[in-house]
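The values are calculated or read from the model by the stated rules, or taken from the named source; none is laboratory data. Predicted model, so just to flag it, every value in this text is computed and none were measured. Ideal geometry is used to build each Cβ from the backbone, glycine not excepted, and the neighbour counts take in all protein chains shown.
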Amino acid sequence: MQFSSMMFRWRRWVLFLIFLLGFSAPLDRMGGAHPGTTWLFLAGVLARYRVLSIAYASIAVMAVAILFALLAALLRTWGAAYLGMGVVLDRALHGEQVVADGPFRYIRNPLYLGLWLHTFALAILMPPGGALFTIVAITLLIVVLVHAEEQSLAATSGEAYFYYMRRVPRFFPSLFPRVPSGEQYARWGQAFLGEIYMWGVVVGYAVFTRRYNVTLLEQCVLISLGVSIVLRGILRPASPQPR
């Protein structure tokens, strides 16, 4: 539990380190030449097996990446609107209340599912080895963070959380709500600003994909991250209040 809590406290730095290693991919670059991107690698595989021409394969791979980035942004914004950006951004674990509104009626961890989908969207810009490392590392990190949160909620919320756990799936969302609506209301403006990085990536991918310029797409990711850091620095969200 102590290790899980420490990982939760420093989760943003751990995420930064994982993505930095994924993009730099030191093992992929040991030969000296640039190893290419996962985008090109996957498109090449589709073309090699004559599933699609290389041009259409490139478009198909990026279309899937844009879809994943969009789903990630929607999930995280929807979840943050009900959870509250104060909780999302806090370094400490919060187990004082079980949130059962919005996406939390369908899945227990919509924010982590969003992060996981976003990882796949970013991975296409990485070298293949870096992409594989990042996806595995983020998956393991999410498992650790979810374990920490579940332990905290079980300890503080007791039977209410055990009932919620039995009803709502952990990672794979239900098609229908599994619990009645709770008492939180959505703060959409705050959530959108808090997740502006996710939306910046979606817009950057959608606008600049046709240029087939990986450097330009990476710059869009970095600019979105910079804007997000500034906004989160000036944004002082409060925890959600009862209706």
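Just one of the listed residues (Leu193, Leu153, Leu217, Leu145) is in contact with a Pro (Cβ under 9 Å, 6 or more places away or on another chain), surrounded by 17 or more Cβ atoms within 10 Å (Cβ to Cβ) and of a type in the set (A, V, I, L, M), namely Leu193. Counting only helices (runs of 4 or more DSSP H) wholly contained in region 15-89, the ones carrying 3 or more residues that are closer than 30 Å to Val99 by Cα occupy 54-83, 85-89. For region 106-124, a residue qualifies if it is over 22 Å from Ile196 (Cβ atoms) and either assigned to a helix (DSSP H, G or I) or among the charged types (D, E, K, R) (or both), and exactly one does: Arg108.
Suppose the filter is surrounded by fewer than 22 Cβ atoms within 10 Å (Cβ to Cβ), closer than 20 Å to His118 by Cβ and at pLDDT below 80; does Leu70 pass it? So that I can check it myself, show each step before the final result.
Numbers: surrounded by fewer than 22 Cβ atoms within 10 Å (Cβ to Cβ): yes; closer than 20 Å to His118 by Cβ: yes; at pLDDT below 80: no.
No.
So, restricting to helices (runs of 4 or more DSSP H) that lie completely within region 125-216, which ones have at least 2 residues that are on the phi > 0 side of the Ramachandran plot, in contact (Cβ under 8 Å) with a residue 60 or more places away in the chain and of a type in the set (D, E, K, R)? Don't jump to the end; show me each part of the working.
Working: elements: 128-157, 159-167, 188-194, 196-208.
No helices (runs of 4 or more DSSP H) qualify here.
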